[in-house]
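For reference, the structure is listed below as structure tokens.
The values are calculated or read from the model by the stated rules, or taken from the named source; none is laboratory data. Model, not experiment: these values are computed from the prediction. Glycine also receives a Cβ, built like all others from the backbone with ideal geometry; neighbour counts cover every protein chain displayed. Side chains are part of the model used for accessible areas, which takes the heavy atoms of the whole protein and leaves out ligands, DNA and RNA. Shrake-Rupley method; radii C 1.70, N 1.55, O 1.52, S 1.80 Å.
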Amino acid sequence: MNKQSIILYNLNILFEVLSEIKEILNLNIFKINSKNELLKINNEQYGNYLILTSESDLNNKNVFFINNFPIKIQNLIEKINVQLLKQKYNFQSEINLKKYKLDLNSKEMIDDKKKVKLTQKELEILLFLNENSKPQKIEVLQKEVWGHNIKLETHTVETHIYRLRKKIKDVFKDDSIIESVEKGYVLK
């Protein structure tokens with residue numbers, strides 16, 4: 001969820017101002033003037049998003065109300081960045097992974113009562129497998145998780161998955177979450 005977006009609802013002039021400095025902000029900027037369109041907004045489409053509006057009747061957790069005009073652009077940008085950071089932190093604290101939760105902030109895999117601490121690479125493996133429902137070949141994991149050249153011969157993937165399975169089995173008594181199949185690895 002690296003994409004970050006600002007959605008301006010019925011703030012056409014502010015949209016034009018922010019559009020001019022869009023590259024500096026490093027954000028996607030969208031303008032919406034229809035409440036029906038606003039209700040369809042989701043993280044998949046916009047990533048980590050923040051709706052800016054002056055209308056206080058909106059019921060959305062990602063809304064930031066601007067009701068004191070004029071506003072200094074630097075103050076507005078600071079407030080936007082703080083809100084987006086808060087949302088990103090909250091999003092990363094609970095990612096569904098089959099019957100478990102992943103907390104990217106604390107690097108933990110959690111069920112109802114137990115937790116297991118994970119390394120960054122273990123998190124990346126789980127996230128990659130979670131995003132892909134089909135089995136992933138070792139070469140694909142090498143390339144996507146480690147950034148290795150496909151022709152590189154290494155047992156890094158197998159070793160990490162072996163250790164990750166062991167951790168999960170030791171804590172959760174689950175030895176089937178990462179399954180080896182003919183075409184690679186998949187979450188079950």
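Volume per residue, Å³, of the convex hull around the alpha-carbon atoms of the stretch 23-88? Display every interim value, and only then the final one.
Details: hull volume 6.7 nm³, N = 66.
Output value, Cα hull per residue: 102 Å³.
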Practice problem: For the stretch 106-173, build the convex hull from the C-alpha positions and give me its volume per residue in Å³. | Solution: 92
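Pairs to check: Lys137/Lys188; Lys134/Lys169; Lys98/Lys166. Give those whose C-alpha atoms are more than 21 Å from each other in this structure.
Numbers: Lys137/Lys188 16 Å; Lys134/Lys169 23 Å; Lys98/Lys166 18 Å.
In this structure, Lys134/Lys169 exceed 21 Å between Cα atoms.
Can you give the FRET efficiency to the nearest 0.05 for Phe69 and Asp175, using r as the Cβ-Cβ distance and R₀ = 45 Å? Let's see the in-between values first.
Numbers: r = 60 Å, r/R0 = 1.32.
Here the calculated transfer efficiency is 0.15.
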Quiz item: Working out 0.36 nm times the residue gap between Leu58 and Lys114, then minus their Cα-Cα distance, what length gain in nm do you get to one decimal?
Solution: 16.4 nm
Quiz item: How long is the stretch 74-188 along each principal axis, judged by its Cα atoms, biggest number first, in Å?
Solution: 54, 38, 22
Quiz item: Across the Cα atoms of the stretch 1-121, what radius of gyration and what greatest pairwise Cα-Cα distance (Dmax) are found, in Å?
Solution: 16.9, 51
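State the percentage of accessible surface on the stretch 58-132 attributable to carbon and sulfur atoms; use a 1.4 Å probe and exclude ligands, DNA and RNA. Walk me through the intermediate numbers first.
On the way: 2310 of 4870 Å².
Carbon and sulfur: 47 percent of the exposed surface of the stretch 58-132.
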Practice problem: Given the peptides 82-90, 17-25, arrange them by the average over their residues of other C-beta atoms within 10 Å, most packed first. | Solution: 82-90, 17-25
Practice problem: Quote to one decimal, in nm, the extra length available between Asn43 and Lys134 on full extension: 0.36 nm per residue of separation minus the C-alpha distance between them. | Solution: 30.5 nm
